[in-house]
Amino acid sequence: MQELKNHKLATDLTKQIHRRWKAGDVYAPHDLSSAEMQKWKKRGRPEVDAFDLLDMNPIEEYKVC
């Protein structure tokens, strides 16, 4: 039961961290603040369309059974 509680707590805390850390990343204590997390939460719109980049017509990629 305690292990399940610990897992739920860890999952809840992980959902609050929007920055994905990679092995070898160096960070300062202020990087873990809520203000810094808000910066990483914002996600920009894609600047290019994947189909345009690959020069493909998406309608041709649909498969009808």
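Test Glu47 against the criterion of being in a helix (DSSP H, G or I) and either acidic (Asp, Glu) or modelled with pLDDT of 85 or more (or both), and give yes or no.
Details: in a helix (DSSP H, G or I): no; either acidic (Asp, Glu) or modelled with pLDDT of 85 or more (or both): yes.
Taking the combined requirement at face value, the residue does not satisfy it.
Looking at the stretch 26-36, can you tell me whether even one residue there is assigned to a loop (DSSP other than H, G, I, E, B), on the phi < 0 side of the Ramachandran plot and loosely packed, with under 10 Cβ neighbours inside 10 Å? Working first, answer last.
Taking the stretch 26-36 as the starting set, the residues that turn out to be assigned to a loop (DSSP other than H, G, I, E, B) are 26-28, 33.
From what is left, the residues that are on the phi < 0 side of the Ramachandran plot are 26-28, 33.
With loosely packed, with under 10 Cβ neighbours inside 10 Å added as a condition, the list becomes 26, 28.
Checking the stretch 26-36: at least one residue is assigned to a loop (DSSP other than H, G, I, E, B), on the phi < 0 side of the Ramachandran plot and loosely packed, with under 10 Cβ neighbours inside 10 Å.
The values are calculated or read from the model by the stated rules, or taken from the named source; none is laboratory data. The structure presented is a predicted model; accordingly, all values stated were derived computationally and were not measured. Backbone-built Cβ (ideal geometry, glycine too); neighbour counts: all protein chains shown.
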